[in-house]
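What follows is a short report on a single structure.
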Amino acid sequence: QVQLVESGGGLVQPGGSLRLSCAASGSIFSLYHMGWYRQAPGKQRELVARLSPGGKTNYADFVLGRFTISRDNAKNTVSLQMNSLKPNDTAVYYCNARNIFSQNDSWGQGTQVTVSS
């Protein structure tokens with residue numbers, strides 16, 4: 001039942017940085033795992049980073065040390081700070097909320113990230 005809207009995507013050069021934001025409505029963050037996923041053309045959607053209600057983070061190996069997930073409970077937002085971007089990071093990035101009781105997933109519409117010179 002939570003609605004999610006992503007923003008912050010765009011075109012960036014290799015080695016550059018972007019910060020993605022996800023605004024949630026009707027969300028209680030203490031009851032949801034919040035995450036970022038991405039999907040490149042012809043590939044499966046894959047986990048990028050996840051943040052549990054207790055604050056534990058989980059990162060895909062290919063972004064560990066470069067990306068950071070965080071949230072602001074007062075603003076009902078979750079962010080993904082992306083540094084040292086590579087061309088292989090090019091994808092549509094989706095915000096995800098998973099209810100810890102029902103395990104129901106809510107998804108945003110996605111925001112395009114393109115890493116190219």
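The values are calculated or read from the model by the stated rules, or taken from the named source; none is laboratory data. These numbers come from a predicted model, not from an experiment. So basically every Cβ, Gly included, is an ideal-geometry build from the backbone, and we count neighbours across all protein chains shown. Heavy atoms of the whole protein, side chains included, go into the accessibility calculation; ligands, DNA and RNA do not. Shrake-Rupley method; radii C 1.70, N 1.55, O 1.52, S 1.80 Å.
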Test item: Cα-centred dipole of the chain, Lys/Arg +1 and Asp/Glu -1 on Cβ, debye: 100
Debye log10 I(q)/I(0) for the chain, one point scatterer per Cα, at q = 0.10, 0.12, 0.18, 0.21 Å⁻¹: -0.26, -0.38, -0.85, -1.15
Exposure rank, largest accessible area first [Lys86, Lys56; 1.4 Å]: Lys56, Lys86
Computed accessible area, Ser102, all protein chains, 1.4 angstrom probe, square angstrom: 80
Mean separation of Cα contacts under 8 Å, 6 or more apart, over the residue count of the chain: relative contact order %: 37
Which of Glu46, Glu6 is most accessible, then next, and so on - probe 1.4 Å: Glu46, Glu6
Cα-based Kirkwood hydrodynamic radius, the range 57-108, one decimal, Å: 12.9
Pairwise FRET efficiency - Gln44 versus Leu64, Cβ, R0 = 25 Å, nearest 0.05: 0.80
Summed residue charge, Cβ within 13 Å of Val115's Cβ, Lys/Arg positive, Asp/Glu negative: +2
